[in-house]
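Reading through the structure tokens given below for one structure.
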Amino acid sequence: MQIIEISRRKFLQGSVALSVYATASLANIPLSITTKTGKKKAQNIPYLCNMCRNKCAGFARIEGGSVTKLNPNPFFPKSRNMLCPKGNAGINALYDKDRLKYPLIRIGKRGDGKYKRVTWDEANEYIKDKLVEILDKQKDNRSTIAYCNGEGFNKDEYIKFFGDKLGSSNFLDEGSICLNTKLGATLLTIGDVGEPDIAGSDYIIISGANRFESLITPDTIDLIHNKQKLVVLDPRCTVTALKANEYLPINVGTDLAFCLAMSYIAIRDELYDKKFVSKYFEDFDKYKEHILKSKYTAKWAETKTHIPAKKIEQITKEFFGAKRPLYYMGRRSVWSQSDFQFRRAMVLLNALAGSINRKGGIVFGKPIKLPQEEVNAPMYANAGARFDLDGIVYGSNKGGSWLNFREKVINSKSPYPIKAMFIRKHNLMQNMPNINKTKKMLEMMDLVVVMDTLPNDTALMADVILPECTYLEREDMVVSFNRLEPSLALRNQVIEPLYESKSMQDILKGLGEKLTKPLFEVSKKYDEDLQDSIKELGEKKAFVEGGYDLAELYKNSITKRNQNLITKAFGKEAYKTLKTKGVWYPNMKQYHREIFNNSYEYYPKDKRHYTIKRDFKVKCYLKKLAKNGFDAMPSWRDEYDFRVPKGKFRLITGRNVSDTQTATANNIMLRDLIHTNHIWINNQVAKELNIKLGDMVEVSSSIGKIKIKAYPTNKIAPSVVWFAHGFGMQSDELTNAFNSGASDNMIIEDRFEKIYGCATMHHTDITIRRV
């Protein structure tokens with residue numbers, strides 16, 4: 001490897017930019033990979049992928065201390081011996097030359113990328129001094145410290161540290177810009193989120209979820225291999241639409257009208273499963289009266305959706321005539337103000353067809369339950385309550401509402417100031433609408449700490465950057481997967497962390513050890529409850545019994561914690577299997593078999609949990625919504641209509657199969673597949689605007705402008721444009737991602753619905769012109 005050298009004088013003066021410290025190798029793969037290994041055999045270590053949400057299992061081949069190949073794991077029911085392009089490219093996440101390698105402290109202005117390399121102790125000391133100063137001024141209001149974490153295995157543990165132990169109420173995650181409306185609507189309607197049994201269905205309707213183009217997993221493949229009919233509704237003719245038996249171009253944000261019309265036809269013609277409805281529905285008479293009285297006919301829906309009434313009638317009769325129909329709930333949601341009601345309508349449609357808790361429907365299944373590690377959480381008397389759910393009907397206490405939080409912070413409408421933020425695996429500067437507002441929020445902080453693997457746009461807004469190792473360099477806590485064919489899976493450590501990077505557990509252990517006593521002193525000064533406890537018990541006992549040791553969870557290594565938990569709950573054999581195969585489930589030796597040519601069976605069909613005995617109700621009417629001025633049952637409102645002013649276009653976004661939001665933006669193996677994004681515009685419209693393939697165009701909304709290359713096509717409606725998320729990074733430390741394409745969140749307006757506080761991504765109207 002080649003190291004860029006600088007003088008000690010220049011280093012101490014702090015005049016060297018981050019690029020000096022963040023670049024230790026000029027090659028994507030280390031030289032050690034080509035080292036001769038002699039007679040020593042290559043190792044194959046089981047791991048779990050972290051390149052997207054799916055978490056497939058694999059085996060990493062280790063030669064000469066380096067990872068030379070990633071292979072799929074045939075023992076995992078969830079990923080079924082598959083690795084997608086992103087999974088294969090995980091090797092480059094490990095050996096990316098732009099990786100964050102050392103702890104860094106900002107020496108320039110926020111955002112200019114100038115940092116000095118420091119030791120871990122120096123970084124933790126800096127954080128400690130800042131937090132003591134902040135908490136002293138805020139009289140020990142621990143909630144002045146906000147913290148966030150993107151999707152990942154370690155989220156619960158991260159919450160235990162910053163929420164339970166350090167004491168902040170303000171945790172935020174990706175839910176309010178991703179899945180919360182879907183998860184909430186399903187949970188409130190049938191009492192459980194469940195999972196879709198795609199393989200068991202014989203008729204599937206998909207609204208907008210682009211499985212064949214954005215997420216290639218085994219259940220995506222099920223859509224090809226099985227003999228079910230597939231109907232796709234989407235404003236854009238996606239790869240998924242091309243694979244469908246029927247593709248129905250639909251106006252943006254009008255899927256709710258389609259669902260309501262299907263409900264109307266099913267109730268009017270009594271197509272629904274009467275036995276199921278009679279047994280499980282609550283307030284069905286109210287729902288029936290509401291749907292029929294509102295006259296949500298197919299002809300009415302045609303005026304909203306642009307789908308012919310005859311086609312809606314046909315699809316509805318086919319759906320309810322099928323043996324095991326499924327209206328697929330999708331993964332990414334949050335498209336429009338009606339999104340929560342749309343998700344509710346989808347669940348109710350499935351329930352009307354009896355497709356709950358049965359093969360081919362939404363199955364509750366039987367997950368393997370893991371015992372939880374107990375944490376002694378202090379009670380901080382002065383910690384403020386979270387405020388981002390004010391004005392939100394339900395919301396998520398776990399992940400909150402990002403846009404509501406940001407709006408209150410930057411407009412000083414929060415009940416107390418937010419002075420510090422810890423950010424892990426969450427590229428705030430790119431992942432939510434209106435990037436300029438996110439920048440303003442971070443500029444208001446006295447301390448911003450980023451834990452990540454790459455110098456992304458958010459890292460360059462930090463005061464302190466802590467280099468986290470990649471998923472191949474660490475072990476994580478064992479995780480339970482799936483309901484239909486449940487299993488446990490373990491992310492084993494494949495190699496030692498490169499450079500000076502550390503696992504999240506080791507980072508939090510170091511922070512905990514550094515912060516415990518100084519922050520306890522702050523609490524002693526302002527927390528009257530603690531003062532009383534010290535008078536009663538003495539300081540030492542009050543400290544121990546109060547749970548003020550922030551590093552308490554890390555007295556044992558992650559390996560020891562896993563061994564204790566797994567062995568106690570499932571036995572020594574289960575632990576041994578997880579260490580050698582990466583996966584364990586009951587009767588695995590008996591059930592697991594190769595059917596043919598690397599295709600495996602995990603559970604025999606009669607052992608899968610399609611239907612389980614449990615009490616549940618399908619709730620048609622939600623009183624809490626009515627009390628807060630919202631529709632208690634799925635309903636259409638005039639403001640949901642699709643209207644685009646003359647001369648403008650509705651912007652919709654999505655992602656490619658090679659991208660996981662912005663997390664994979666710098667991965668050269670994936671960028672080689674799709675190196676930039678283009679804006680899709682209807683070819684007839686493009687002709688009128690004199691826009692040709694590859695022309696640079698300016699796209700403007702009410703909040704900003706971008707420039708992007710054009711892709712005229714007949715696969716998108718005249719009033720709609722689309723381009724992929726995950727491009728337009730502004731960090732010049734990302735060699736492969738910097739200035740590649742355009743960022744959608746530069747122009748998406750920051751509105752959010754008020755039931756779950758979720759950002760509505762498909763409401764922005766834009767203008768477009770050739771430049």
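Observations
- For the chain, a simple Cβ point-charge model (Lys and Arg +1, Asp and Glu -1, everything else neutral) yields a dipole of about 1560 debye relative to the Cα centre.
- DSSP finds beta bridges in segment 433-585, and of those with both partners inside it, around 50 percent are antiparallel.
- For the chain, the longest principal axis of the Cα atoms and the long axis of helix 558-570 meet at an angle of about 50 degrees.
- Each peptide in 397-407, 268-278, 348-358 was scored by the mean count of other Cβ atoms within 10 Å over its residues; highest first, the order is 348-358, 397-407, 268-278.
- Crossing angle, helix 309-321 versus the chain [Cα axis fit, 0-90 degrees, rounded to tens]: 80 degrees
- Scaled against the 2.2 N^0.38 Å expected of a compact globular protein of N residues, the Cα radius of gyration of segment 155-299 reads 1.32.
- Cα-based shape type of the chain, given that a ≥ b ≥ c are square roots of the gyration tensor eigenvalues and the cut on a/c is 1.5: rounded
- Normalised per residue, the volume of the convex hull around the Cα set of segment 670-771 (Å³): 128 Å³
- Rounded percent of accessible protein surface that carbon and sulfur make up, the chain, 1.4 Å probe: 49 percent
- Straight-line reach from LYS137: taking Cα to Cα under 16 Å and skipping same-chain neighbours fewer than 8 places apart, the aspartates and glutamates in range are ASP129, ASP446, GLU521, ASP527.
- Rounded to 5, the percent of DSSP beta bridges in segment 649-749 classed as antiparallel: 40 percent
- With 30 Å as the limit on Cα-Cα distance, the pairs of LYS648/LYS692; LYS243/LYS605; LYS359/LYS619; LYS86/LYS707 all stay inside it.
- Helix 504-526 vs. the chain, principal-axis angle (Cα, 0 to 90°, nearest 10): 80 degrees
- For q = 0.23, 0.25 Å⁻¹, Debye-computed log10 I/I(0) when each Cα of segment 483-550 counts as one equal scatterer: -0.98, -1.09
- Anchor LYS293: aspartates and glutamates whose Cα lies under 14 Å away (excluding residues fewer than 8 positions away in-chain): ASP285
- Taking every protein chain into account, the accessible area of segment 139-262 amounts to 24 square angstrom per residue (probe 1.4 Å).
- All aspartates and glutamates inside 18 Å of LYS579 as judged from Cα atoms, apart from same-chain residues fewer than 8 positions distant: GLU473, GLU475, ASP476, GLU496
- Diagonalising the gyration tensor over the Cα atoms of segment 326-437 and scaling each eigenvalue by 5 before taking the square root yields semi-axes of 34, 22, 14 Å, largest first.
The values are calculated or read from the model by the stated rules, or taken from the named source; none is laboratory data. Being a predicted model, the structure only gives us computed values, none of them experimental. Here the Cβ is made from the backbone with ideal geometry for all residues, glycine too, and neighbour counts use every protein chain on show. With ligands, DNA and RNA removed, areas are computed over all heavy atoms of the protein, side chains included. Shrake-Rupley method; radii C 1.70, N 1.55, O 1.52, S 1.80 Å.
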